[in-house]
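Reviewing the structure listed below.
The values are calculated or read from the model by the stated rules, or taken from the named source; none is laboratory data. None of the values given here were measured: they were computed from a predicted structure. Quick reminder, even Gly has a Cβ in these numbers, built from the backbone with ideal geometry, and neighbours come from all protein chains shown.
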Amino acid sequence: MTLKKINPTSTNAWSLLQKKFNQTKQVNMCDLFKQNPNRKADYSLKVDDFTLDFSKNRFDDETFKALIDLATETGLQQAIEAQFAGAKINETENRAVLHTALRDISKEPILVDGKNIKTVISKTLKKIKTFSDEVIAGKLKGYTNKAFTDVVNIGIGGSDLGPKMAVEALKFYQNHLKCHFISNVDGDHVYETLKNLNPETTLFVIVSKTFTTQETLTNALTAQKWFLKQAQVADIAHNFVAVSTNLEAVKAFGIASKNIFPMWDWVGGRYSLWSAVGLTISLSVGFKQFNEFLEGAHQMDLHFKNTPFNKNMPVVLAMTSIWYNNFFNAETEVILPYTQYLDLLPMYLQQTVMESNGKSVDRNGARVSYQTGTIVWGSTGTNAQHAFMQLVHQGTKLIPADFIGFSKSLHGDDDHHRKLMANFYGQTEALYRGKTAAEVNRELKLANQQASIERLLTFKTFEGNKPSNTLLIEKLTPKSLGKLIALYEHKTFVQGIVWNIFSFDQFGVELGKELAKNYLKK
Ligand code: G6Q
């Protein structure tokens, strides 16, 4: 089972979309709503506690159908089946892509090279559970027999961004352990983090799939030196654990075999928070909630696998984004979570999306003739409204936006939450409706500012017609977080398939690394 290698621009759907774009690029969303009073309901999807309203987009039924047809014509169904079944769809690295297996709670075996990987997955989950339970309960202690108070995750890229984002997102559910993350090879990062820690009560989790990453090994050695100022070499076995595929290198570092959590080639770094790379998440909120996080992702996997494309949330998000990226030439898209807990989500998704789909060579090895990977960025609402949203509302660029909000807040203050959500809806409405010159005129007259009308009219007018998706989730829980991350993972997957690129390698990060080595030799 391999991926089809179809140039998307050669499909019938692409030609139709090009035609539709030329005919309807000026279409106004307000008119679309007038033409179809049921548009909001028609362009909404519900998956358990997730409701996606994608009605505020510049497409009519025919365009939407053509977008879905594009996914079909480029072989998405076969690609989904191949991915979930463990086919080696990461062809350039000859690897399967099975982060989905890490959260697959079914009894169905999944084979890689003839072996059922479910066995190693459940064994590792048990190890994560026992370890987290014992550390949290204070049964497993540091080298002077004191319970751990702090956990330091040392890793970079996929071995840092996921756990860091999830620990922050689930802070509400966190126990007494304080979690810290060291990633940058900038020594100030590690020294700043260590300066307030006590080696006796600090647990180090060194996360590196390859255990060859310069930044992580440098930081781990510095942490070890700091530790050995007070402790003995034999004490490393108590306070250091590692997550890696490279068992030999971990042992050489002095970490006890029992303290090594395995990783596998069939999980890409940026998709690895579901594996033992997520150990710090489990330490932070406990295994039960880590497991709920996996379950949430699995629910989204089932939805993605089993739902027709026109009702499939990841597919709809992916194809909507392709519409703007490839036809309107939108340069970026903005992600706006309306909860402070998801502060790190945009940064996390930058790696998922941009490392996966930042490719210019197609699956046939030829240069693509169309735009691929979207540039994603963003920040939490309402902070973003007081910063960059000016450009989204009134700038010259078309920037599709994803608004992510929650029906319930976690601390339950109604006053705050009503204000937050009023802004959430207010922004999406402002983007699509805009404000006409007539409205500005009327407003200035009412404010007794007739004299300023001529001078201010154009500045105060909003073009509107700016697209956005509104994702409303019941509540931020480990489960809904898992579902949300999986939603964006699958969106990224769909786009890679349609663009006919390989989403699971990352050769683009190598050259700079090699050249940096030359500088070190100088
Ligand atoms: C992710 C990338 C990359 C990787 C880091 C860390 O998909 O492969 O971000 O996670 O380079 O690699 P190690 O885990 O091997 O240290």
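In the range 353-367, how many residues are part of a loop (DSSP other than H, G, I, E, B) and either closer than 14 Å to ASN325 by Cα or modelled with pLDDT under 95 (or both)?
Residues that pass the stated criteria total 1.
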> Of the numbered conditions (1) of a type in the set (D, E, K, R); (2) within 16 Å of the ligand (Cβ to nearest atom); (3) under 21 Å from TYR43 (Cα atoms), GLU429 satisfies every one except a single condition; which is it?
Replying inline: (2)
> In the list VAL368, VAL316, which residue meets the criterion of being farther than 28 Å from THR458 by Cβ and crowded, with 22+ Cβ neighbours inside 10 Å?
Replying inline: VAL316
>> Looking only at the range 198-220, count every residue that is within 16 Å of the ligand (Cβ to nearest atom), within 21 Å of ALA147 (Cα to Cα) and of a type outside the set (A, V, I, L, M) and tell me the total.
In response: 1
> Among the helices (runs of 4 or more DSSP H) confined wholly to the range 425-522, which include 2 or more residues that are touching a Phe, Trp or Tyr at 6+ places or on another chain (Cβ under 7 Å) and not basic (Lys, Arg)?
Replying inline: 478-498
> Looking at the range 328-347, is at least one residue within 16 Å of the ligand (Cβ to nearest atom), part of a helix (DSSP H, G or I) and either surrounded by fewer than 20 Cβ atoms within 10 Å (Cβ to Cβ) or touching a residue at least 24 places away in the same chain (Cβ under 8 Å) (or both)?
Replying inline: yes
>> Being under 24 Å from GLY269 (Cβ atoms) and surrounded by fewer than 20 Cβ atoms within 10 Å (Cβ to Cβ) is the filter here; which residues of the range 126-157 pass it?
In response: LYS126, LYS127, LYS129
> What are the residues in the range 160-197 that are more than 16 Å from the ligand (Cβ to nearest atom), of a type outside the set (D, E, K, R), out of contact with any strand residue (DSSP E or B) (no Cβ under 7 Å at 6 or more places or on another chain) and touching a residue at least 60 places away in the same chain (Cβ under 8 Å), if any?
Replying inline: ALA169, LEU170, PHE172, TYR173, GLN174, ASN175
> How many of the residues in the range 141-175 are outside any helix (DSSP H, G or I) and farther than 30 Å from GLN214 by Cα?
Replying inline: 6
>> Show the residue pairs meeting these rules: Cβ distance below 7 Å; 6+ apart or different chains; first residue within the range 131-159 and within 30 Å of PHE504 (Cα to Cα); second residue within 16 Å of the ligand (Cβ to nearest atom) and among the acidic types (Asp, Glu).
In response: ASN153/ASP160; ILE156/GLU215
>> So, in the range 142-187, how many residues would count as being of a type in the set (S, T, N, Q) and out of contact with any Ser or Thr (no Cβ under 9 Å at 6 or more places or on another chain)?
In response: 2
> Quick one: is GLU355 more than 17 Å from the chain's Cα centre (by Cα) and either within 24 Å of THR2 (Cα to Cα) or not polar (S, T, N, Q) (or both)?
Replying inline: no
>> Six or more apart or on different chains, Cβ atoms under 6 Å: show the pairs whose first residue is in the range 398-420 and closer than 12 Å to TYR338 by Cα and whose second is surrounded by fewer than 17 Cβ atoms within 10 Å (Cβ to Cβ).
In response: PHE406/LYS475; SER407/GLU474; LYS408/LYS475
>> With in a helix (DSSP H, G or I), within 16 Å of the ligand (Cβ to nearest atom) and closer than 16 Å to VAL151 by Cα as the only criterion, which of ALA223, ALA249 stands out?
In response: ALA223
>> If I filter the range 264-282 for residues that are away from the ligand (no atom under 14 Å from the Cβ), surrounded by 24 or more Cβ atoms within 10 Å (Cβ to Cβ) and touching a residue at least 24 places away in the same chain (Cβ under 8 Å), do I get at least one hit?
In response: yes
>> Among (1) in contact (Cβ under 8 Å) with a residue 12 or more places away in the chain; (2) at negative phi, there is one condition SER44 misses while meeting the rest; what is its number?
In response: (1)
